[in-house]
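Written out below as structure tokens is the structure these notes cover.
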Amino acid sequence: MVLSKTASGTDVSVHSTFASRYVRNSLPRFEMPENSIPKEAAYQIINDELMLDGNPRLNLASFVTTWMEPECDKLMMESINKNYVDMDEYPVTTELQNRCVNMIARLFNAPLGDGEAAVGVGTVGSSEAIMLAGLAFKRQWQNKRKAQGLPYDKPNIVTGANVQVCWEKFARYFEVELKEVKLREGYYVMDPEKAVEMVDENTICVAAILGSTLTGEFEDVKLLNDLLVEKNKQTGWDTGIHVDAASGGFIAPFLYPELEWDFRLPLVKSINVSGHKYGLVYAGIGWVVWRTKSDLPDELIFHINYLGADQPTFTLNFSKGSSQVIAQYYQLIRLGFEGYRNVMDNCRENMMVLREGLEKTGRFNIVSKENGVPLVAFSLKDSSRHNEFEVAETLRRFGWIVPAYTMPADAEHITVLRVVIREDFSRTLAERLVADFEKVLHELDTLPARVRAKMANGKAKVVKQTEEETTREVTAYWKKFVETKKTNQNKIC
């Protein structure tokens, strides 16, 4: 959620050419209008403005699903007026959520007996899921410290500097110190050894990322678990692990089934995953599951009865739509294990097509690994004439939305471009994207000459510049051009 602000230099009214068939008066832009307007006019006014949004299918910055089957779209529209929290009124929807939780927990190898119900909840995304998991760890730690008569006012959590911003939000909102393992060039995930070194008696948990937002790489949860087991033995602590599998949770079980990252490891107490990423559901659904019931303190669960029956609830919000829960259940039973594996295999194959195409240009260094989340992160081999931000900006002319961003501490000097491969990104699109990258680079290669020509046309006498001076001038121009977009560089979905 971005804090709202009014656009500067714009009219205070909304005008629509086609809406003038129904209404001649313009609408106030930032105030509610006094009178009603025809539904056709309202639709047209909004539709006209939305045409200027980017094409979601070409938004290669986002991990979030942008295509679902028409049958699932239909189910979502049929349930869009159901408030999920009304469990007594919509018991079948509640049952579908419970089925999803149990399927996902078993997919992550939760130690459940025959007929035993899994412990978990649907959320509006992985951000809420992480908040809930973090609160559970914090309360568990506080209860133990209280029972031991020890201070419990300075909790901390250990993560890598590559974590998504929701971890920083959790730390700030719930007053937990965030201890970050810094990155280094060539190693853009959390180092398990350094992470365990930072653990102390006030550490509520260590957060590992299965699928870094920056490069798609899976962190070594197995090594982290083994090192932490030894440290717990030496210190008598009971520090656990939370796995942020927002991106990788629906990938690893299908592409890398032998990889140990989940509840097979004894210190993994909770896992979150985004249903709206590689769970293949539109934006608005996440999941968090716990290893056992004892890992979720009872005092965090609220019981309400004013909607008709006793209802346990553990969420940060209350009302939310049912559509995404129903869509997740559709995908789980529609695709099954085989279907998800086919989708993920196809994404990985298209990632390799793009990766190899970019390598063949000879212009890029590939930063991401072949294994992990199907994405390609890469940087320019030579950024003396133009940089990654210029490439990303120019590429928008072809309709593509490709982010450029700098790495976190201590690798801020590294800038990369990143393309996320989703189910709806085909081999044909991958080949076209490579061709468009080559067009953009060719165009940018000629930019200094055009800048000099423009200067010459506007002046009677031009002082000849060295190549280094021209490079500095062009770089300064582009930096100024993208200055207004800096706030978007950190909003990596």
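The values are calculated or read from the model by the stated rules, or taken from the named source; none is laboratory data. On a predicted model such as this, the values are computed, not experimentally measured, just so you know. Backbone-built Cβ (ideal geometry, glycine too); neighbour counts: all protein chains shown. Note: accessible area is taken over every heavy atom of the protein model, side chains too, but ligands, DNA and RNA are not part of it. Shrake-Rupley method; radii C 1.70, N 1.55, O 1.52, S 1.80 Å.
Descriptive notes on the structure:
- Residue pairs meeting the criteria (Cβ under 9 Å; at least 6 apart or on separate chains; first in contact (Cβ under 8 Å) with a residue 40 or more places away in the chain, in the range 43-60; second open to solvent by less than 100 Å² (accessible area, probe 1.4 Å) and among the charged types (D, E, K, R)): Arg57/Arg422; Arg57/Asp424; Leu60/Arg418; Leu60/Arg422
- Note on the range 399-423: residues that are closer than 20 Å to Trp67 by Cβ and surrounded by fewer than 15 Cβ atoms within 10 Å (Cβ to Cβ) amount to 1.
- Any hit, the range 157-174, residues being without any contact (Cβ under 8 Å) to a residue 40 or more places away in the chain, open to solvent by 40 Å² or more (accessible area, probe 1.4 Å) and more than 22 Å from Gly216 (Cα to Cα): yes
- Failed condition for Arg355, given (1) open to solvent by 30 Å² or more (accessible area, probe 1.4 Å); (2) farther than 19 Å from Leu210 by Cα; (3) of a type outside the set (S, T, N, Q): (1)
- Which listed residue is of a type outside the set (Asp, Glu), in contact with a helix residue (DSSP H, G or I) (Cβ under 7 Å, 6 or more places away or on another chain) and in contact (Cβ under 8 Å) with a residue 12 or more places away in the chain, from Ser379, Ser368: Ser379
- Residue in the range 312-320 that is open to solvent by 60 Å² or more (accessible area, probe 1.4 Å), of a type outside the set (D, E, K, R) and touching a His at 6+ places or on another chain (Cβ under 6 Å) present: yes
- Selection status of Lys169, within 23 Å of Val373 (Cβ to Cβ) and of a type outside the set (S, T, N, Q): yes
- Taking each residue of the range 227-255 that is open to solvent by 20 Å² or more (accessible area, probe 1.4 Å) and looking for partners that are among the basic types (Lys, Arg) with beta-carbon atoms closer than 8 Å, six or more apart or interchain, yields Trp237/Lys231; Asp238/Lys144; Leu255/Arg341; Leu255/Arg348.
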